[in-house]
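K.L.:
Sharing a structure here in structure tokens format.
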Amino acid sequence: MFAAKRLSLPALFVPLILIAILATAGRGLADESHAQRRAEMIHLIEADVRRTSVYLKRSALDPRVLEALAQVPRHEFVPSSEVSRAYQNRPLPIGHGQTISQPYIVAIMTDLLGLEAGARVLEIGTGSGYQAAVLAALDTRVWTIEIIEPLGLEAAERLQRLGYDRIETRIGDGYYGWPEQAPFDAIVVTAAADHIPPPLIKQLKPGGRMIIPVGGRFQVQQLVMVEKTTEGKTTTRQILPVRFVPLTRAD
Ligand code: SAH
């Protein structure tokens, strides 16, 4: 007669503990390789900045901006089918015909805003939530608006899961801004408009800056910096030609 051999508790637990250790180590390695790829992405951005220094009027970005991009896990902001491309310096599809911007573009737009810790920033076009996360990594408070409901809800859930608790999201037409939270030190629009929305100019603080791509769907668009002087006068300056998805309007 067989007596079923009882497995002792240690015999059961040791393999389980080993599996847990290996899984954690595996995740640690994956995190490390993501960090490594982010570091490589930063080098690509720096090279692009040097190449476009004539437009940007500088040959290097604020190191704090590069540090923010080195921190934010871009692979968490792209669909699973795009994860292997997450640290390439290019835009990627995020569904609903929209894209997560190219890291170089996110870097220069963030840099141009000249943010200080504690700044209040409004973003129009949440998309994946990546640009908002980069802004928040600079110790700012961010309000971000997305017009496509499923994208906005997905980004809100993602930002919460990743612990970005200084970002507030809203679904709606960002053309009108977020009047209840105005005025803002900085506004960044991540979809191209054919004119600068007057409500956004109104919601900019004196001394504040807005970065917005301006131009039609089939035209060359220009990244424009809008500055409001302390006397409340606005000036605009074209920075460089860009290509963004259009700012759409609620019906
Ligand atoms: N900042 C995003 C890039 C998003 S692409 C990121 O980091 O992933 C531009 C986004 O603007 C799209 O998601 C698009 O749906 C959104 N959008 C277009 N028109 C809008 C509007 N009027 N108000 C708010 N969001 C708008």
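K.L.:
Output wanted: per-residue J couplings in Hz (rounded whole) for segment 244-251, from phi through Karplus 6.51 cos²θ - 1.76 cosθ + 1.60, θ = phi - 60°, x for Gly and Pro.
P.N.:
Running phi through 6.51 cos²θ - 1.76 cosθ + 1.60 with θ = phi - 60° gives 10, 5, x, 6, 9, 10, 5, 5 Hz.
K.L.:
Looking at GLN160, ALA192, TYR87, which one has the Cα that reaches farthest to the positive end of the dipole of the chain (charges on Cβ: Lys, Arg +1; Asp, Glu -1)?
P.N.:
So the residue we want is TYR87.
K.L.:
Would you work out the charge dipole size for the chain about its Cα centre, treating the Cβ of every Lys and Arg as +1 and the Cβ of every Asp and Glu as -1, and quote it to the nearest 20 debye?
P.N.:
Using only the charged Cβ atoms, the result is roughly 400 debye.
K.L.:
When Lys and Arg each count +1 and Asp and Glu each count -1, what net charge do the other residues less than 15 Å away from ILE196, Cβ to Cβ, add up to?
P.N.:
Surrounding charge for ILE196 is +4.
K.L.:
In debye, nearest 20: dipole of segment 54-117 around its Cα centre with unit charges on the Cβ of K, R (+) and D, E (-)?
P.N.:
Dipole magnitude for segment 54-117 comes out near 220 debye.
K.L.:
Once each part is reduced to its C-alpha centroid, what is the distance from segment 143-176 to segment 50-109 in angstrom?
P.N.:
19 Å
K.L.:
Using only alpha carbon pairs under 8 Å that are at least six residues apart, calculate the relative contact order of the chain and give it in whole percent.
P.N.:
13 percent
K.L.:
With +1 on each Lys and Arg Cβ and -1 on each Asp and Glu Cβ, how big is the dipole of segment 145-211 about its Cα centre, in debye rounded to the nearest 20?
P.N.:
Charge dipole of segment 145-211: 300 debye, to the nearest 20.
K.L.:
Let me ask you something else. Can you work out the Karplus-derived ³J(HN,Hα) for every residue in segment 170-178? Use 6.51 cos²θ - 1.76 cosθ + 1.60 with θ = phi - 60°, whole Hz, and x for glycine or proline.
P.N.:
Once rounded to whole Hz, the list reads 8, 9, x, 8, x, 3, 8, x, 10.
K.L.:
A further question follows. Packing-wise, with mean Cβ within 10 Å as the measure, how do 226-237, 95-106, 120-131 rank, highest first?
P.N.:
The densest-packed peptide leads the list: 120-131, 95-106, 226-237.
K.L.:
Return the calculated 222 nm mean residue ellipticity for the chain, to the nearest 500 deg cm²/dmol, obtained by summing -39500 (n - 2.57) across DSSP H runs with n ≥ 4 and dividing by the residue count.
P.N.:
The helix-only estimate for the chain comes to -11500 deg cm²/dmol at 222 nm.
K.L.:
Sticking with this structure for a sec: Just check the chain against the gyration tensor rule for me: Cα atoms, a ≥ b ≥ c as the square roots of the eigenvalues, rounded for a/c under 1.5, and otherwise prolate or oblate depending on whether a/b exceeds b/c.
P.N.:
It comes out prolate by the Cα gyration axes.
K.L.:
Check which residues have an amide H placed less than 5 Å from TRP143's amide H, if you skip close sequence neighbours.
P.N.:
Amide H neighbours of TRP143: VAL121, LEU122, GLU123, GLU168.
K.L.:
Let me ask another. Count the net charge of all other residues whose Cβ sits under 15 Å from the Cβ of ALA136, scoring Lys and Arg as +1 and Asp and Glu as -1.
P.N.:
Combined, the nearby Lys, Arg, Asp and Glu give -1.
K.L.:
Taking the Cα centre of segment 32-242 as the origin and placing charges on Cβ (Lys, Arg +1; Asp, Glu -1), which of THR230, GLN131, VAL54 is farthest toward the positive end of the dipole?
P.N.:
Towards the positive end, the residue furthest out is VAL54.
Each value in this text was obtained by applying a stated rule to the coordinates, not by laboratory testing. Keep in mind that this is a model prediction, so the values were computed, not measured. Positions of Cβ are generated from backbone atoms using ideal geometry, with glycine treated the same way; all protein chains shown enter the neighbour counts.
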